[in-house]
Amino acid sequence: MNLLSATDARQWLRLRQLRVQRAREALTQAQREEAQARAVVEDREARVEHGRNLIAELARQWGGAGCVGMPRWREQVVAHREALAERLERDEYALIDEQAALARAQDAVRQRRAELVRAEAREAAVDATLKDQRRQASQAREQRAELEAEDACRALH
């Protein structure tokens, strides 16, 4: 049986604990980035919805009672609608990009979570190995002590 020294065992366990700590920090950072990406997507979704509402409101206003003055304001209303539609289109394209960024952030969180699970499993394995090593060393000492006690008794008789 090849036993580690107490110093080596402590260093091995500490190394695993540090890896778990780094994995937790990486997961926390990834979760922060995911939350930021989600907030950006939610904000953009609200802007898209607002843009759609503005276009619908413009159509309602100038399709109903406002249509009486339409010939006079037609060009301005059309220009305003086109500007709103262009802004909406830009927001929709930006939303697609931001949703992709959110998906990447979610993938990063899943990956960091898996890395943390692996690091914790390795730490637990090292801890179990070292406990087993200490238990075996303790049993070996007890067996030696018993054998020495038996040898001492035989020497007396």
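Cβ-Cβ distance of A125 and L147, R₀ of 41 Å, FRET efficiency by 1/(1 + (r/R0)^6): the value works out to about 0.80. Here E86 and D43 are evaluated by their C-beta separation; at R0 = 25 Å the FRET efficiency comes out at 0.85. Measuring between their Cα centroids, segment 1-59 and segment 115-149 lie 35 Å from each other. Axis of helix 70-156 versus longest Cα principal axis of the chain: the two differ by about 0°, to the nearest ten degrees. For the chain, the relative contact order is 45 percent, taking Cα pairs closer than 8 Å that sit 6 or more residues apart in sequence and dividing their mean separation by the residue count. Near D107, once Lys and Arg are set to +1 and Asp and Glu to -1 for all other residues with Cβ below 14 Å from its Cβ, the sum equals +2. Quote the Stokes-Einstein diffusion coefficient, in whole µm² s⁻¹, for the chain, based on the Kirkwood radius over alpha carbon pairs, a temperature of 20 °C and a viscosity of 1.002 mPa s. For the chosen part, D equals 96 µm²/s. Here each label is just a point 7 Å from Cα along the line to Cβ, and for R24 and S5 those points are 3.0 nm apart. Coupling constants for segment 44-58 follow from the phi torsions by the Karplus curve (6.51 cos²θ - 1.76 cosθ + 1.60, θ = phi - 60°), and in residue order they are 5, 4, 5, 5, 5, 4, 4, x, 5, 5, 4, 5, 5, 5, 4 Hz; glycine and proline get x. Restricting the calculation to alpha carbons of segment 111-157 gives Rg and Dmax of 20.3, 69 angstrom.
Every read-out reported here was derived from the displayed coordinates using simple, explicitly stated rules and does not represent laboratory data. What you see is a predicted model, and the numbers here were worked out from it, not measured in a lab. For neighbour counting, all protein chains shown are included, and Cβ atoms are generated from backbone atoms with ideal geometry for every residue, glycine included.
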